[in-house]
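First the structure, in the form of structure tokens, and then the observations on it.
Read the figures in this text as sums done on the coordinates, not as results from a lab. These numbers were taken from a predicted model, which means no experiment stands behind them. Using ideal geometry, Cβ is built from the backbone for each residue, glycine included, and neighbour counts are taken over all protein chains shown.
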């Protein structure tokens, strides 16, 4: 099979070509053989599934593309359940050996599996998202196989190599291996330029999580879990709580739980929904001090569409999650970020998010200020989509899909996120 050389973003890639081949139809006419470029989309964690699902959906609509979902097994069955919320399923499923893994063991296992998963049959491009071990392994596997790498949500930086750990290091390493950097914001583009990434290899697309969360929040509830049904039907104002970051494991997460317990006693009219993490040790650390509190809900893992609807009607989020900082902005929801720094600086700058650390007193004081705002405890679930959402306009996935086409010579260079929404 002959090869063509694709030039994009200042780089060249040799690709197998099937252009120019024909087949004979029943009426004797010759038509060009349709060749869809295989785009391997690597998904290892629940947040990756959420943020890449809209991109896969857009690629499925493109005549030139054949997206191939590759799941790594990093977060287990919850990834497949989340993809199913978007009507998607994996074409390639990798597995990890059971048991706990160190970061190095996890990365090595993922790299070994992805090295084979991307080559049988060969992909024309590999898409990774964010900063997980799966994303790093996917970028490394693509690089080692001479497959161009597209990094969705590129350019986030906290400025501290060890916080969040190991995600900040992953981001920087993925940037060195990627051929096309899809930055969610202008700030992310500036971070990439500061790292020495060429401007022509960066596109500002907005964040695909805005596409995902708004779409999911509009789905009608279909519950098989009575606990989730009760939560969604309650008229009480809600606070959504999550905690999972590795640097918060142990005492910090227990302090977050203690703060929520204090708030639940001070505000019995407010419901506190603690969304469980998949890691049972992380989950137990925060839930232990919240059991038997009548207005604290511990429903276990929450399906993404239910989570999106709860987020849309909450009055406050308390979280160390980067994704929730972005998702909350889609609904104008204030966020208390239980970390000492964040790479999502746009939320801080806009006033939607506030860094509060993990000390119990600081979290309680910050929440009290939010509750004291006029109308905060009214239970009003109607929140307008902010006209100047700092994370995008809900069209990021289409830009990402078009950017993949541009990289492979199938589409013109897409327009970036409009200036007024950045």
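Odds and ends about this structure:
- Which of 143, 331 has the fewest Cβ neighbours within 10 Å, and the rest in rising order: 143, 331
- The range 73-151, Rg to Rh (Cα coordinates; Rh as Kirkwood inverse mean 1/r): 0.95
- Among 342-352, 318-328, the peptide with the highest mean count of other Cβ atoms within 10 Å heads the list, and the full ranking is 318-328, 342-352.
- Shown here: the range 225-371, whose C-alpha atoms stretch 38, 31, 29 Å along the first, second and third principal axes, sorted largest to smallest.
- Relative contact order of the chain: 15 percent, from C-alpha pairs under 8 Å at least 6 residues apart in sequence.
- All distinct Cα pairs of the range 121-191 go into the 1/r average, and the inverse of that average, the Kirkwood radius, is 12.0 Å.
- Taking 85, 400, 235 and counting other C-beta atoms within 10 Å, the order from fewest to most: 235, 85, 400
- Each of 165, 371 was scored by other Cβ atoms within 10 Å of its Cβ. Listed from fewest to most, they are 165, 371.
- Column: log10 I(q)/I(0), Debye, Cα scatterers of the range 118-268, q = 0.12, 0.19, 0.21 Å⁻¹: -0.73, -1.12, -1.22
- The value of relative contact order for the range 225-371, using C-alpha pairs under 8 Å at least six residues apart, is 26 percent.
- Computed from the C-beta positions of residue 298 and residue 122, the FRET efficiency with R₀ = 41 Å rounds to 0.35.
- Length added when fully stretched, residue 369-residue 108, from 0.36 nm per residue minus Cα-Cα: 89.4 nm
- GNM flexibility winner over the chain from 179, 393, 160 (Cα, springs under 10 Å): 160
- Contact order relative to length of the range 85-214, as percent, for alpha carbon pairs under 8 angstrom and 6 or more apart: 19
- Label-to-label distance, nm, for residues given as residue 350 and residue 227 (7 Å Cα→Cβ offset): 3.2
- Its convex hull of Cα atoms gives the range 232-287 a direction-averaged projected area, equal to a quarter of the hull surface, of 4.0 nm².
- Measuring nothing but alpha carbons in the chain and taking Rh as the Kirkwood radius, the Rg to Rh ratio lands at 0.99.
- Of 54, 303, 184, the one that fluctuates the most in a GNM where the chain has Cα springs shorter than 10 Å: 303
- When the chain is treated as a Gaussian network with alpha carbon springs shorter than 10 Å, the biggest mean-square fluctuation among 271, 357, 99 belongs to 99.
- Using a Förster distance of 22 Å, the FRET efficiency for residue 60-residue 35 (Cβ separation, nearest 0.05): 0.85
- Degrees separating the helix 103-117 axis from the principal Cα axis of the chain, which is the longest one: 30
- For the range 44-202, the alpha-carbon radius of gyration amounts to 1.00 times the rule-of-thumb value 2.2 N^0.38 Å expected for a compact globular protein.
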